[in-house]
Each structure stands twice: as structure tokens, then as C-alpha cells.
Amino acid sequence: MDDPAARPFEAVLFDFGGVFIDSPFPAFAASSLELGLDASRLMELTFGPLDEDTDHPWHRVERGELPILDARKEIIALCQAEDLEVDPFRLLARTMGAQTQARSPVVDCVHAIRSAGLKTGLLTNNALEIRERWRAVLPLADLFDDVVDSSEVGVRKPDPAIYHLALERLGGVDASSAIFLDDLPGNVEAAEALGMRGILVEPDPALALVELRSLVLSSAG
Ligand SMILES: [Mg+2]
């Protein structure tokens with residue numbers, strides 16, 4: 001049972017948005033289209049490039065460098081510079097609405113992984129201002145050995161430093177012994193570049209959970 005070849009993984013790190021709850025991005029894009037706006041352009045203006053860590057206002061919010069209301073002003077100005085008279089945060093508020101329930105198959109999988117003796121961690125790009133709201137969605141202490149929130153540590157995915165920090169805080173887990181799940185390809189690729197096993201979570205997480213269970217729970221059935 002403790003044969004390392006039979007069970008090479010020691011830890012699993014999970015993203016939050018798009019894994020435990022629906023990603024806001026598809027609904028945001030759909031709302032943009034309803035208003036007759038260029039959805040991909042508005043996404044880029046609001047959130048910056050999804051697969052990079054830059055000085056876009058949204059990224060600075062997620063690194064805890066900029067209050068979210070200041071970012072809102074900066075992003076509205078970015079939109080106005082392209083003749084888009086819109087407050088993307090209104091769209092975002094609509095789309096983020098009432099998701100207060102986590103996806104139970106994902107939660108059940110985390111419990112199973114913990115029961116099998118692996119460490120679990122949450123690694124989220126997030127905003128200080130919505131801390132209480134998102135944390136209320138999950139029983140964090142029951143599910144995870146550690147929670148790394150970008151806005152608290154001042155680093156965000158896909159910067160390699162935040163993956164190293166998360167592995168360190170789980171007790172110095174080697175990257176090659178860890179699995180990482182996220183709904184953004186850039187974040188998964190960054191984890192894989194460090195030697196972690198990456199799993200991309202699609203809008204329906206079922207396939208990702210099958211892959212995860214096969215990697216860590218196969219011997220347990
Ligand atoms: Mg996500």
C-alpha cells in the first residue's frame with residue numbers, strides 16, 4: 001500500500017473558480033453578447049490576458065496591490081478608450097449572482113483523496129474584497145490542509161512562485177509528487193512546466209474527476 005511506485009502522488013492542489021463553482025467567464029461573455037458587445041474584447045479589457053500574470057488592474061487586484069473599486073475605475077477607462085461605454089463590473093455582478101453551493105462531486109472527490117491519505121490544498125487567484133463571500137462556499141478546514149489566496153500572498157497564477165509556495169506550505173512536497181487542477185489552460189501549463197501533473201477542468205468537471213480518481217485512488221477502488 002505504501003509502495004511509492006503504486007502511489008506516486010502525495011498532494012493535490014485545486015483551483016477554486018471553475019472547479020468548485022462555475023467559472024464566471026462564460027456567463028460574462030454571454031452577457032456581453034446580449035448587449036451587442038465584442039465579448040472577447042471585453043473579456044480581455046476586464047480581466048487582462050487569462051494565461052499571463054501582468055500589471056493589468058485585475059491582476060493587481062488578485063495580487064492584493066489594488067483595491068477592487070480602483071480597478072473598476074481603471075477598467076472602465078480602458079473600455080472608454082476603445083469607445084465601449086460599459087461598466088464590466090455590473091456584468092460581473094450579474095453573472096456571479098447566487099452561486100452559493102459548491103459542486104458536490106468535486107467536494108466528494110476531495111474527501112476521498114484526503115481519506116486515502118494525500119494532502120490537499122486550495123490555490124486560488126482571488127480578491128481580498130470578496131474573501132468572505134467565496135470562503136463561505138466551502139468548508140475549507142474540512143477539505144484542505146492549506147489555502148493559498150493570491151491576494152493574501154501577493155503572487156498569482158501563473159507565476160511559478162505561487163506554485164512553489166503552495167507546495168512548500170504543504171510540507172515541502174516535490175512538484176513531481178503533486179497534481180494540480182484548474183479551468184484555465186495557462187495555469188495548468190505553468191504547473192506542468194514545474195513538473196506537476198496538470199488536469200484541465202472543463203465546464204463539466206466529470207472527466208477531470210475521473211482522471212484524478214484514476215491517478216490517486218485506483219488502488220483503493
Ligand atoms: Mg479558475
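The values are calculated or read from the model by the stated rules, or taken from the named source; none is laboratory data. On a predicted model such as this, the values are computed, not experimentally measured, just so you know. Every residue, glycine among them, receives a Cβ derived from its backbone with ideal geometry; neighbour counts consider all protein chains shown.
Could you tell me whether VAL155 is in the same structural domain as GLY186 (by TED's automatic domain parsing) and touching a Leu at 6+ places or on another chain (Cβ under 6 Å)?
Answer is no for this residue.
Considering the stretch 14-50 alone, what residues qualify as being more than 12 Å from the ligand (Cβ to nearest atom) and within 23 Å of LEU194 (Cβ to Cβ)?
GLY48, PRO49
Residue check, ASP108 against (1) crowded, with 18+ Cβ neighbours inside 10 Å; (2) under 27 Å from ALA11 (Cα atoms), all met but one. Which one?
It is condition (1) that ASP108 fails.
Does ALA141 meet the test of being out of contact with any Gly (no Cβ under 8 Å at 6 or more places or on another chain) and not in a strand (DSSP E or B)?
Criteria met by ALA141.
Do you know which of the residues in the stretch 176-203 that are more than 13 Å from the ligand (Cβ to nearest atom) and charged (D, E, K, R) is nearest to the chain's Cα centre (by Cα)?
Here the residue is GLU189.
Which residues, counting only those in the stretch 47-59, are touching a helix residue (DSSP H, G or I) at 6+ places or on another chain (Cβ under 7 Å) and either assigned to a helix (DSSP H, G or I) or of a type in the set (A, V, I, L, M, F, W, C) (or both)?
Selection gives PHE47, LEU50, PRO57, TRP58.
Report the residue count in the stretch 191-221 for those that are modelled with pLDDT of 95 or more and over 18 Å from PRO105 (Cα atoms).
Of the residues in that region, 8 qualify.
Here are the criteria: (1) within 17 Å of the chain's Cα centre (by Cα); (2) modelled with pLDDT under 95; (3) not in a helix (DSSP H, G or I). Tell me which single one ALA98 does not satisfy.
Failing condition for ALA98: (1).
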